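What follows is a set of notes on a single structure, which appears directly below.
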Amino acid sequence: VRLNDQPFSVVGVMPATFRPPPFLGTDVWTTMQMDMSNGGGRGGAFLRAVGRLTDAGSLELARTQATQLGLRLEADYPEANRDTGFNVYPLQFDLVQQSSQALWVLLGAVAFVLLIACVNVANLLLGRGAGRQGELAVRIALGAGRKRILTQLMTESLILAVLGGALGAALSFAGTAALVRLAPAGTPLIDQVTVDGRILGFAALVTMLTGALFGILPALRASHARPATVIREGGRSGGAAGSARLRNGLVVGQVGLALILLVGAGLLVRSFQNLRDVDLGFDPTDVLSMQVQISPVRYADAPSRVAFFTALEERVASIPGVANVGSITNLPMAGADGDTSFFVEGAAPPESGLAPSVWLRRITPGYLDALGVQIVSGRNFTASDDAEATRVIIVNETLERDYFDGQAVGKRLNVNNPENPIWREIVGVAEDIKNFGIRSESRNAMYLPYAQAPTTFMFVAVRGEGVELESLI
């Protein structure tokens, strides 16, 4: 097979169910080939390792050994590995950590709904039993034994519980399938969400216990009451009064649980509204995006890559309704890191291995306009910022405030190359954006002109009204 215009020989076939993280939709795997000739060094941290513990191993032992390895690397390579170590955690935690808190909150809400439903069913069964006190008293007076009464009511309650539980199980399968279809794209392992057998077992247990417990209570009360007294009072007795008190108590508990759930729902809606009101620093309204990967063989040099994306953006811009189009190596809030070190011209050199880091992205001139990111001082990139022009860069407000006292335009930076510095002039300052989530503070950020550092993988962002995704493909 040919991948990126290069021939590969198939040496193995994995099962269809093999979907290793973090890229669950991967279809093809090749050997990793590292090219360190592009200026990368030991300080780069972009790989993730997955390992299986032996039977005698443990998470604590793995963390201890990883810590020792990190200390050894720091001692051997202090320039690149100072204060750098390894994070070791279970793979399951890595897969669900972004969703675990929300899922626990959801589980709590479901537990409250389950309690309310159980209390409601219990109240109905108690009310039904209280209404049959006269009937049960007649049965007892005619010679029905306590065991016979208990058996009858238990059988009736369990039949109702089984029928209701079966209907609920059927609805759970249909509801789960519907919710999975409605889930946002990219939700971890969403396609593996099913009705678990353990959950069905728990539901069956709760159903049977609720039906048995509150179905047998009226029988116990009837068996201890005097039949003549119950018949004479028309089915009303002290037992019935006790049952009413119990039902009233259940109603109070049900209302209390409902209020707790209502307050929690109100807080959730308020929190969601607050998150919607957070200033992202960019405007995603009416913006479409697509990933574009070009062949590193067919587009092996910088001019061909720049020409491809320039022609692509021109064609997209000609589509009716498109207002702005631009490209970037990684979209904000996409979960992708990409920090690198940088050095300020004229500033005291940082301690060994402690150079400041920055979120670095390569963009085309139209990207900031497509995302609605404002230039607060200086200028945006233009088509003239190509490989033959002066090396330029745009920084964000946070970096300008932290390293240039609010006056960054005209100053120079060197990005991740202390031995052979390539100084880049700051020509603009862009407003801060939320790079890593709504609740995360803005970090130091820089933008390089794509024409001065072209790659083969970009995200194209398109702003416009009435533009359909199909017209971009």
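The values are calculated or read from the model by the stated rules, or taken from the named source; none is laboratory data. Just so we're clear, the structure is a prediction, and the values are computed from it rather than from any experiment. Neighbour counts are summed over all protein chains in view; Cβ atoms, including those assigned to glycine, are modelled from backbone coordinates with ideal geometry. To get the accessible areas, we keep the full protein, side chains included, count just its heavy atoms, and leave off ligands, DNA and RNA. Shrake-Rupley method; radii C 1.70, N 1.55, O 1.52, S 1.80 Å.
With respect to P284, is the statement that it is modelled with pLDDT of 85 or more, open to solvent by 90 Å² or more (accessible area, probe 1.4 Å) and out of contact with any Cys (no Cβ under 9 Å at 6 or more places or on another chain) true? So P284 fails the test.
Scan segment 352-362 and tell me whether some residue there is farther than 30 Å from E74 by Cβ and at pLDDT 85 or above. Checked segment 352-362: at least one residue is farther than 30 Å from E74 by Cβ and at pLDDT 85 or above. Within segment 452-470, residues that are at pLDDT below 90 have Cβ atoms under 8 Å from residues that are acidic (D, E) in these pairs: G464/D286; E465/D286; V467/D286, counting only partners at least 6 apart in sequence or on another chain.
Within segment 452-471, one or more residues are among the charged types (D, E, K, R), in contact with a Leu (Cβ under 9 Å, 6 or more places away or on another chain) and surrounded by fewer than 17 Cβ atoms within 10 Å (Cβ to Cβ).
Applying the condition of being of a type in the set (A, V, I, L, M) and open to solvent by less than 40 Å² (accessible area, probe 1.4 Å) to segment 288-311 and asking which residue is nearest to G372 (Cα to Cα) yields M290. Among the residues of segment 119-137, is there at least one that is surrounded by 12 or more Cβ atoms within 10 Å (Cβ to Cβ), in contact with a Ser or Thr (Cβ under 8 Å, 6 or more places away or on another chain) and of a type in the set (K, R)? No. Residue selection: G428 fails the criterion of being under 23 Å from S289 (Cβ atoms), open to solvent by less than 50 Å² (accessible area, probe 1.4 Å) and under 28 Å from the mean Cα position of the chain (by Cα).
Within segment 98-108, the presence of a residue that is touching a helix residue (DSSP H, G or I) at 6+ places or on another chain (Cβ under 7 Å) and touching a residue at least 24 places away in the same chain (Cβ under 8 Å) is excluded.
Would it be correct to say that D402 is open to solvent by 20 Å² or more (accessible area, probe 1.4 Å) and out of contact with any strand residue (DSSP E or B) (no Cβ under 7 Å at 6 or more places or on another chain)? Judged against the criteria, D402 is a match. Test each condition in (1) surrounded by fewer than 13 Cβ atoms within 10 Å (Cβ to Cβ); (2) touching a residue at least 12 places away in the same chain (Cβ under 8 Å) for A80 and report the one that comes out false. Result: A80 passes all but (1).
Inside segment 426-451, residues that are at pLDDT 90 or above, over 30 Å from P320 (Cα atoms) and aromatic (F, W, Y) make up a count of 0. Of the strands (runs of 3 or more DSSP E) lying entirely inside segment 277-387, those containing at least 3 residues that are β-branched (V, I, T) span 322-328. Before we move on, is I375 of a type outside the set (D, E), open to solvent by 30 Å² or more (accessible area, probe 1.4 Å) and touching a residue at least 12 places away in the same chain (Cβ under 8 Å)? When the stated conditions are applied, I375 passes them. Evaluate the following for P22: is it modelled with pLDDT under 70 and in a loop (DSSP other than H, G, I, E, B)? Judged against the criteria, P22 is a match. Scanning segment 83-94 for residues that are free of Cβ contacts under 8 Å to residues at least 40 places away in the same chain and farther than 21 Å from T54 by Cα yields a total of 1. Checking the structure you have, find out if any residue of segment 258-275 is under 18 Å from P332 (Cβ atoms), open to solvent by 60 Å² or more (accessible area, probe 1.4 Å), at pLDDT 75 or above and not in a strand (DSSP E or B). Yes: one or more hits.
Taken over segment 156-192, residues that are at pLDDT 80 or above, open to solvent by 70 Å² or more (accessible area, probe 1.4 Å) and either among the hydrophobic types (A, V, I, L, M, F, W, C) or within 30 Å of L124 (Cα to Cα) (or both) amount to 9. Contact annotation: residue pairs with Cβ atoms under 9 Å, 6 or more positions apart or on different chains, pairing a residue in segment 421-436 that is aromatic (F, W, Y) with a partner that is surrounded by fewer than 17 Cβ atoms within 10 Å (Cβ to Cβ) and part of a loop (DSSP other than H, G, I, E, B), are W423/E345; F436/M333; F436/G335; F436/D337. When G346, G378 are checked against the criterion of being among the small types (G, A, S), closer than 30 Å to A80 by Cα and out of contact with any Ser or Thr (no Cβ under 9 Å at 6 or more places or on another chain), G346 stands alone in meeting it. When R128, R82 are checked against the criterion of being within 26 Å of L250 (Cβ to Cβ) and basic (K, R), R128 stands alone in meeting it. Each residue in segment 254-298 was checked for being in contact with a helix residue (DSSP H, G or I) (Cβ under 6 Å, 6 or more places away or on another chain) and aromatic (F, W, Y), and 1 pass. Taking segment 109-130 as the range and being farther than 16 Å from I260 by Cα and free of Cβ contacts under 8 Å to residues at least 60 places away in the same chain as the test, only L124 passes.
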